[in-house]
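A.B. asks: One structure is given below, represented as structure tokens, and several questions about it will come after.
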Amino acid sequence: MSEALPAIHCLRCGMRMESRQAYGGLRPVCPACGHVHFEDPKVAAAALVERDGRLLLVRRANNPARGQWTLPAGFVDADEDPQAAAARECLEETGLEVRVTRLLDVIAGREHPRGASIVIVYLAEAAGGELKAGDDADEVAFFPADGLPALAFRATRQAVQRWADGRRSML
């Protein structure tokens with residue numbers, strides 16, 4: 001957190017929070033009641049689906065990175081299992097029902113102000129549905145590993161690289 005805090009007010013008493021050292025870091029602290037505010041991480045889940053050696057990607061219909069491609073992914077809701085979130089997001093964005101098979105990667109580091117600070121990427125396989133773009137995707141397609149379009153985010157590139165490395169090690 002930087003020295004200049006956004007204008008936030010204490011959830012307990014309404015007083016404007018001040019930036020102070022607390023619990024090992026610079027945090028918003030209420031000068032009136034002493035309440036310390038902790039930012040919770042935003043967690044996203046993604047499904048990496050491979051079919052016949054081709055990777056499922058969605059083209060972003062919204063900013064940031066509008067027009068670029070990414071894995072089907074989105075935020076994990078409160079009390080939602082991240083695997084269920086990955087499957088839900090895949091269905092919403094691609095029309096495909098998937099079965100999560102295993103964890104591929106956990107990627108940390110927020111890429112833009114509205115983005116997740118943690119992305120959990122699962123390998124998944126198609127189990128039904130009909131391929132069609134939906135939600136915040138305007139196109140959806142399977143791509144060969146050697147013919148991928150421009151990928152939107154570092155987390156997507158890292159997960160795809162890990163997938164590609166795993167495929168090469170199996171050859």
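A.B. asks: Of the conditions (1) modelled with pLDDT of 95 or more; (2) in contact with a helix residue (DSSP H, G or I) (Cβ under 8 Å, 6 or more places away or on another chain), GLY109 clears all except one; give me its number.
C.D. replies: For GLY109, the failing item is (1).
A.B. asks: For segment 69-106, how many residues meet the condition of being in a strand (DSSP E or B) and over 22 Å from ALA137 (Cα atoms)?
C.D. replies: 6
A.B. asks: Go through segment 58-79 and count every residue that is at negative phi, more than 14 Å from the chain's Cα centre (by Cα) and not polar (S, T, N, Q).
C.D. replies: 4
The values are calculated or read from the model by the stated rules, or taken from the named source; none is laboratory data. Because the structure is a prediction, the values reported are computed rather than measured. Heads up, the Cβs are rebuilt from the backbone with ideal geometry, glycines too, and the neighbour counts pull from every protein chain shown.
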